[in-house]
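Shown next, in structure tokens, is the structure this report addresses.
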Amino acid sequence: MGLFDAFRKKKINDGLEKTRTGFFAGIVNTLTNSQIDDDLYNDLEEQLILADVGPDCAIRLVDELRDKVREEHLKTGEQALKALRELIRLEMSPTDDLDLSGKPAVILVIGVNGVGKTTTIAKLAYLYKDLGKKVMLAAGDTFRAAASEQLELWAERAEVPLVKAGEGADPAAVIFDAVKSAAAKGYDMVIADTAGRLHNKKGLMDELSKITRSVKKASPEASLEVLLVLDAITGQNAISQAQEFCRAAGATGVVLTKLDGTPKGGCVIGVRQKLGLPIRFVGVGEKIDDLLFFSATDFSEALLPELPKHDETEETAQ
């Protein structure tokens with residue numbers, strides 16, 4: 001394992017500590033200390049719902065586990081635990097990678113106010129800058145008072161340039177200027193803030209459509225990703241709030257913030273299932289390096305860690 005992978009694995013383990021030692025500890029206990037029967041499946045379903053996986057997803061995971069136990073003739077709770085871990089890994093694995101092939105690659109960051117959108121933008125900038133990318137930010141939220149000033153402070157901390165305009169300016173024009181400047185100066189990426197207010201569906205679609213056109217107009221070679229930021233602490237409520245917003249905005253992926261602050265980290269699974277979008281990043285702390293690329297393997301292993309190996313020699317000695 002490389003140093004970067006080891007760092008990410010430790011971060012996600014630390015970030016999911018409340019979840020792992022809370023609801024998912026109960027799931028591990030149920031699977032490893034019970035017979036594989038209908039009572040176990042019923043208990044498991046209830047615990048997954050309590051962990052904020054969501055009723056539909058919990059029922060489906062348990063049904064899939066039941067099928068796997070039968071088809072593979074699994075006999076022990078430890079085998080069932082391993083099977084559930086693999087089912088979650090498969091559930092969470094993206095089918096593709098972020099498209100950052102453009103010149104520049106543009107990421108629009110969307111989401112309602114209060115979910116950590118501005119800090120997420122700064123953390124994205126820091127993350128990609130640390131990977132050797134030349135990153136520029138765009139203050140496309142021109143409606144909220146002091147939004148660009150707040151982003152400017154974070155841009156200084158991340159040591160990346162920011163394109164901004166006055167309050168009430170046209171967001172599409174601000175992002176056009178940023179993409180045009182980035183293309184001319186050889187920047188790899190533009191990460192753009194957008195207004196966090198809730199729109200009606202048509203208003204949101206019109207605004208995002210206008211911004212998308214401005215990106216392509218500024219640089220025909222630009223690629224575009226639209227990342228929806230959600231607060232993990234609000235769990236299933238975040239999903240219901242985000243569904244219409246997500247559809248209207250044409251989101252291509254999700255960032256889940258504040259994962260370290262909740263024992264209900266199972267909401268990550270529910271978000272993936274309900275929104276049908278890949279989880280691209282997770283926030284596991286307040287520091288600027290606390291945003292991580294999402295790994296389905298690291299996530300499933302952090303939620304349902306392998307049991308410690310039984311030391312037979314030590315037992316014999318006792």
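Of all residues in the stretch 78-137, those that are over 22 Å from Leu208 (Cβ atoms), among the polar types (S, T, N, Q) and buried (at least 23 other Cβ atoms within 10 Å of the Cβ) total 0.
Scanning the stretch 260-278 for residues that are under 17 Å from Asn13 (Cα atoms) and of a type outside the set (Gly, Ala, Ser) yields Asp260, Thr262, Pro263, Lys264, Cys267, Val268, Ile269. Taken together, the residues in the stretch 13-27 that are of a type in the set (A, V, I, L, M) and either assigned by TED's automatic domain parsing to the domain that holds Ile233 or surrounded by 18 or more Cβ atoms within 10 Å (Cβ to Cβ) (or both) amount to 2.
If you go through the stretch 80-98 and keep only what is assigned to a loop (DSSP other than H, G, I, E, B) and free of Cβ contacts under 8 Å to residues at least 40 places away in the same chain, you end up with just Asp97. Of the residues making up the stretch 123-141, just one is more than 16 Å from Leu153 (Cα to Cα) and either among the acidic types (Asp, Glu) or touching a helix residue (DSSP H, G or I) at 6+ places or on another chain (Cβ under 6 Å) (or both), namely Asp130. Taken residue by residue, the stretch 31-40 has no member that is in contact with a strand residue (DSSP E or B) (Cβ under 7 Å, 6 or more places away or on another chain), β-branched (Val, Ile, Thr), in contact (Cβ under 8 Å) with a residue 60 or more places away in the chain and assigned to a helix (DSSP H, G or I).
Here the stretch 147-168 is the region considered, the condition is being in contact with a Lys or Arg (Cβ under 8 Å, 6 or more places away or on another chain) and among the aliphatic types (A, V, I, L, M), and the residue that is modelled with the highest pLDDT is Val160.
Hey, among Ile49, Ile59, which residue is in a helix (DSSP H, G or I) and crowded, with 17+ Cβ neighbours inside 10 Å? Break it down stepwise before answering.
Details: Ile59 fails: crowded, with 17+ Cβ neighbours inside 10 Å.
None of the other options fit; the residue is Ile49.
Given the criterion under 21 Å from Val255 (Cβ atoms), acidic (Asp, Glu) and outside any loop (DSSP other than H, G, I, E, B), identify the matching residue among Glu207, Glu156.
On the way: Glu156 fails: under 21 Å from Val255 (Cβ atoms).
That would be Glu207, the only listed residue that is under 21 Å from Val255 (Cβ atoms), acidic (Asp, Glu) and outside any loop (DSSP other than H, G, I, E, B).
Yes or no, residue by residue, for (1) in contact with an Asp or Glu (Cβ under 7 Å, 6 or more places away or on another chain); (2) under 20 Å from Phe281 (Cβ atoms):
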{"residue": "Ala139", "(1), (2)": "yes, no"}
{"residue": "Thr142", "(1), (2)": "yes, no"}
{"residue": "Ala173", "(1), (2)": "no, no"}
{"residue": "Phe176", "(1), (2)": "no, no"}
{"residue": "Val179", "(1), (2)": "no, no"}
{"residue": "Ala183", "(1), (2)": "no, no"}
{"residue": "Tyr187", "(1), (2)": "no, no"}
{"residue": "Val229", "(1), (2)": "no, yes"}
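The residues of the stretch 108-162 that are within 18 Å of Ile175 (Cα to Cα) and in contact with a Phe, Trp or Tyr (Cβ under 6 Å, 6 or more places away or on another chain), listed by number, are Ala122, Lys134, Val135, Met136. Residue-level analysis places Val179 among those that are aliphatic (A, V, I, L, M), in contact with a strand residue (DSSP E or B) (Cβ under 8 Å, 6 or more places away or on another chain) and over 27 Å from Arg8 (Cβ atoms).
Of the residues that make up the stretch 192-199, is at least one at pLDDT 95 or above, buried (at least 20 other Cβ atoms within 10 Å of the Cβ) and not in a helix (DSSP H, G or I)? Yes: one or more hits. Report whether or not Arg66 is under 30 Å from Arg247 (Cα atoms), of a type in the set (Lys, Arg) and in a helix (DSSP H, G or I). So Arg66 fails the test. Of Gly140, Gly132, all but one fail to be part of a loop (DSSP other than H, G, I, E, B) and either in contact (Cβ under 8 Å) with a residue 24 or more places away in the chain or closer than 25 Å to Ile269 by Cα (or both); the exception is Gly140. Glu225 meets the conditions (1) at pLDDT 95 or above; (2) surrounded by fewer than 20 Cβ atoms within 10 Å (Cβ to Cβ); (3) part of a helix (DSSP H, G or I); (4) out of contact with any helix residue (DSSP H, G or I) (no Cβ under 7 Å at 6 or more places or on another chain) in every case but one. The failed one is (3).
The values are calculated or read from the model by the stated rules, or taken from the named source; none is laboratory data. Note that the structure is a prediction, hence the values are computed from the model and not measured. For neighbour counting, all protein chains shown are included, and Cβ atoms are generated from backbone atoms with ideal geometry for every residue, glycine included.
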